[in-house]
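As structure tokens, the structure follows; a few thoughts come after it.
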Amino acid sequence: MVYTGRFAPSPTGPLHFGSLLAALASYLDARSHQGYWLVRIEDLDPPREIKGATDSILRTLEQLGLHWDHKIVRQSHRLSLYNDILIDLTNNGLTYPCTCSRQQIQLRIGNALYDGFCRDHRPEADQLCAIRSRYDTNYSFDDRILGHQDFAYQKEDFVIFRRDGFFAYQLAVTIDDAEQQITHVVRGSDLLDSTPKQIHLQRQLGYHQPVYAHIPVATNALGQKLSKQTFAPALNQNERVQLVIKALNFLGQQPIAELADSTIEECLSWAVEHWNLTAIPACLSMPLEKS
Ligand code: GLU
Ligand code: ZN
């Protein structure tokens, strides 16, 4: 199989430093393996979507010289595919409807993992339902950065179709990674807990399992995620290079001083040539200031 990587932003705002890290790391890993790099817009959650965010993200990627292969896939155009697969899973007895509201769950078990209440409490007709995946197995996998990951402690029947009528991220991302023949996933470690859920669905659906690498999430000095610091697409040449150098430093690469005066293309081709995944710090999050 040809190396195929991807960047899969949700259009909930313009690109920010955290999403730039995922974009850059997945791009450099793909290009350094002479692989494809695809972009998929995960626009499955209209209530959280910000108008214009997709265009803004794509323009920023282009400005940063992160050019993708093939056509962009938008999840909002693939609902009938997700629906067919949801029906297959359900017909195979691998799902069940759940009528619990967030509030009911909170009252019953607090913030604990979902307790499987609706496994034995069938909803009455016309009740608003989510659909959960039955999740009884323990999964582990070897992360290219974080090493062996074991999730025995957090088994939870997770939602694959939301009570408000939308397909859930876990289902769509699993289907799309398989359908786009993604061989390597490089993304933020905020999604580490999602990986066993996606592996679970891959096994049930007979999909190939991609190889995973989870990069640290950038935080401020207080340990909070940096997702609010967004970039407008209109960066000048020098700002673009500075940004990529900052991201390379965070990712443990050692950009040489000369890059500061290079073009964005020169900077990226240096980064592809010198890409060293093993230099990425093996941790879940890291303050940006220290790097
Ligand atoms: N769309 C997800 C996000 O922006 C990322 C999905 C993934 O990389 O698996 O958080
Ligand atoms: Zn329930």
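Going through the range 150-179 one residue at a time, which ones are within 16 Å of ligand 2 (Cβ to nearest atom) and part of a strand (DSSP E or B)?
The answer is VAL159, ILE160, PHE161.
Collect the residues in the range 235-277 that are in contact (Cβ under 8 Å) with a residue 40 or more places away in the chain and surrounded by fewer than 15 Cβ atoms within 10 Å (Cβ to Cβ), keeping them in residue-number order.
ASN249, GLU265, GLU273
Mind checking which residues of the range 147-187 are buried (at least 20 other Cβ atoms within 10 Å of the Cβ) and in contact with a His (Cβ under 7 Å, 6 or more places away or on another chain)?
Matches in the range 147-187: ARG187 only.
In the range 257-287, what residues are in contact with a helix residue (DSSP H, G or I) (Cβ under 6 Å, 6 or more places away or on another chain) and outside any helix (DSSP H, G or I)?
Those that are in contact with a helix residue (DSSP H, G or I) (Cβ under 6 Å, 6 or more places away or on another chain) and outside any helix (DSSP H, G or I): TRP275, LEU284.
If you check HIS148 against the conditions, is it within 12 Å of ligand 1 (Cβ to nearest atom) and modelled with pLDDT of 95 or more?
no
Can you report the number of residues in the range 119-136 which are buried (at least 19 other Cβ atoms within 10 Å of the Cβ) and either farther than 19 Å from GLY93 by Cα or modelled with pLDDT of 95 or more (or both)?
Number satisfying all stated conditions: 4.
Among PHE250, PHE167, PHE161, which is the only one that is within 14 Å of ligand 1 (Cβ to nearest atom) and either modelled with pLDDT of 95 or more or aliphatic (A, V, I, L, M) (or both)?
Only one candidate qualifies: PHE167.
Looking only at residues that are away from ligand 1 (no atom under 12 Å from the Cβ), touching a residue at least 24 places away in the same chain (Cβ under 8 Å) and under 28 Å from CYS267 (Cβ atoms) in the range 32-53, which one is surrounded by the fewest Cβ atoms within 10 Å (Cβ to Cβ)?
Checked the range 32-53; the qualifying residue surrounded by the fewest Cβ atoms within 10 Å (Cβ to Cβ) is GLN34.
Restricting to the range 86-106, what's the tally of residues that are surrounded by 15 or more Cβ atoms within 10 Å (Cβ to Cβ) and either acidic (Asp, Glu) or over 17 Å from TYR135 (Cα atoms) (or both)? Steps first, answer last, please.
In the first step, residues of the range 86-106 are kept if they are surrounded by 15 or more Cβ atoms within 10 Å (Cβ to Cβ); the result is 86, 89-90, 94-100, 105.
This time we only want the ones that are either acidic (Asp, Glu) or over 17 Å from TYR135 (Cα atoms) (or both), so: 99-100, 105.
Number satisfying all stated conditions: 3.
Could you tell me which of the residues TYR27, TYR3 is buried (at least 23 other Cβ atoms within 10 Å of the Cβ) and away from ligand 2 (no atom under 16 Å from the Cβ)?
TYR27
Can you tell me which of ILE145, ILE131, ILE182, ILE105 is part of a strand (DSSP E or B) and of a type in the set (A, V, I, L, M, F, W, C)? Break it down stepwise before answering.
Working: ILE145 fails: part of a strand (DSSP E or B); ILE182 fails: part of a strand (DSSP E or B); ILE105 fails: part of a strand (DSSP E or B).
The unique qualifying residue is ILE131.
Against the condition among the aromatic types (Phe, Trp, Tyr), more than 30 Å from GLN242 (Cα to Cα) and at pLDDT 95 or above, how does TYR139 come out, does it pass?
Working: among the aromatic types (Phe, Trp, Tyr): yes; more than 30 Å from GLN242 (Cα to Cα): yes; at pLDDT 95 or above: no.
For TYR139, the condition - among the aromatic types (Phe, Trp, Tyr), more than 30 Å from GLN242 (Cα to Cα) and at pLDDT 95 or above - is not met.
The values are calculated or read from the model by the stated rules, or taken from the named source; none is laboratory data. None of these values were measured; they are calculated from a predicted model. Every residue, glycine as well, gets a Cβ built from its backbone with ideal geometry; the counts of neighbours run over all protein chains shown.
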